[in-house]
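Each remark here refers to the structure printed beneath this line.
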Amino acid sequence: KITLLENDDATKPAVVEAMRGSDVVHLATHGAPEGLFFAGTTGEADAKLSMAEVHALELRRTKLVVLSACDTFKGELRSDGVVGITRAFVAAGAPTLVASLWKVDDAATLALMTRFYHHLFRDPAVRGNAAVAMQRAMEAMLADTMFDAPVFSVFQWASFVVYGLE
């Protein structure tokens, strides 16, 4: 089952509810090291999903979280690692995350993610391995042979990393 929330329907409460029980969560939104931003009209608190709120989620069933937004792997550097939104998702139970190291281009990210999901779900050699799927997607972006798409600069899409168990 796929739950698509977009535009005004992509409110924080709706997204949080849709994440519960999902195997794969893909959040294409505005990001910052301290949280993710969704549709909302009553102020920033109603639209921002904070690290504390993510930490409180129960995502033990979730196998993969994709944070398709700018700067989602950034955070405060401490002796035990980077403390940011990705760490909150790990604390909530997500074993594998895809996150970005810097600002990304929307069109280039769409092209990369299209290739990523093609390999993740349709490539029998990958069999659900997010790290291998991302590697293949990036190779396809470099070769630009898989789909008819514009050629993007590496800096527009290469900030995505797979973090966690795969």
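The values are calculated or read from the model by the stated rules, or taken from the named source; none is laboratory data. All figures in this text were calculated on a predicted structure; none of them were measured in a lab. Reconstructed Cβ throughout: ideal geometry from the backbone, glycine too, with neighbour counts over all protein chains shown. With ligands, DNA and RNA removed, areas are computed over all heavy atoms of the protein, side chains included. Shrake-Rupley method; radii C 1.70, N 1.55, O 1.52, S 1.80 Å.
From the helices alone, meaning DSSP H stretches of at least four residues, give me the mean residue ellipticity at 222 nm for the chain, per-run term -39500 (n - 2.57), in deg cm²/dmol to the nearest 500.
Value at 222 nm, helices only: -10000 deg cm²/dmol.
Let me know the whole percent of all Cα-Cα pairs from the range 53-135 that are separated by more than 14 Å.
When all Cα pairs of the range 53-135 are counted, 67 percent exceed 14 Å.
Note down the magnitude of the dipole of the chain about its Cα centre, charges +1 on Lys and Arg C-beta and -1 on Asp and Glu C-beta and zero elsewhere, to the nearest 20 debye.
I would put it at about 560 debye.
Taking Cα atoms, how many degrees apart are the long axis of helix 106-122 and the longest axis of the chain, rounded to 10 and kept between 0 and 90?
80
Quick one, can you get me the convex hull of the C-alpha atoms of the range 90-166 expressed as volume per residue in Å³?
Output value, Cα hull per residue: 89 Å³.
Once the cut-off is 24 Å, how many percent of the Cα-Cα pairs in the chain end up in the long-distance tail?
For the chain, the share of Cα pairs beyond 24 Å comes to 33 percent.
To the nearest Å, what is the center-to-center distance of the range 7-80 and the range 86-158, using C-alpha atoms only?
18
Roll a 1.4 angstrom probe over the protein heavy atoms and tell me the percent of accessible area of the chain that is carbon or sulfur.
Accessible surface attributable to carbon and sulfur in the chain totals 55 percent.
Using a basic spin-label model with each label point 7 Å from the Cα along Cα→Cβ, how many nm lie between residue 61 and residue 101?
Here the modelled spin labels are 3.5 nm apart.
By how many nm would the segment from residue 165 to residue 123 grow when fully extended, if each residue of separation counts as 0.36 nm and the alpha-carbon distance is taken off?
Extra length from residue 165 to residue 123 when fully extended: 13.2 nm.
Let's see if you can work this out: charge +1 on each Lys and Arg Cβ, -1 on each Asp and Glu Cβ, no other charges. What is the dipole magnitude of the range 1-86 about its Cα centre, in debye to the nearest 20?
Charge dipole, the range 1-86, about its Cα centre: 360 debye, nearest 20.
Please list 3J(HN,Hα) in residue order for the range 8-25, calculated via the Karplus relation 6.51 cos²θ - 1.76 cosθ + 1.60 where θ = phi - 60°; whole Hz, with x for glycine and proline.
Once θ is set to phi - 60°, the couplings for the range 8-25 become 5, 7, 8, 7, 4, x, 5, 5, 4, 5, 5, 5, 4, x, 8, 6, 10, 10 Hz.
Just the accessible area per residue of the range 35-166, please: how many Å² with a 1.4 Å probe?
So the range 35-166 comes to 52 Å² accessible per residue, rounded to a whole number.
Quick check on the range 1-65: what does the Kirkwood estimate of hydrodynamic radius come out to from the alpha carbon pairs, in Å?
Over the range 1-65, the inverse of the mean reciprocal pair distance is 12.2 Å.
Relative contact order (percent) for the chain, with alpha-carbon contacts under 8 angstrom and 6 or more residues of separation?
19
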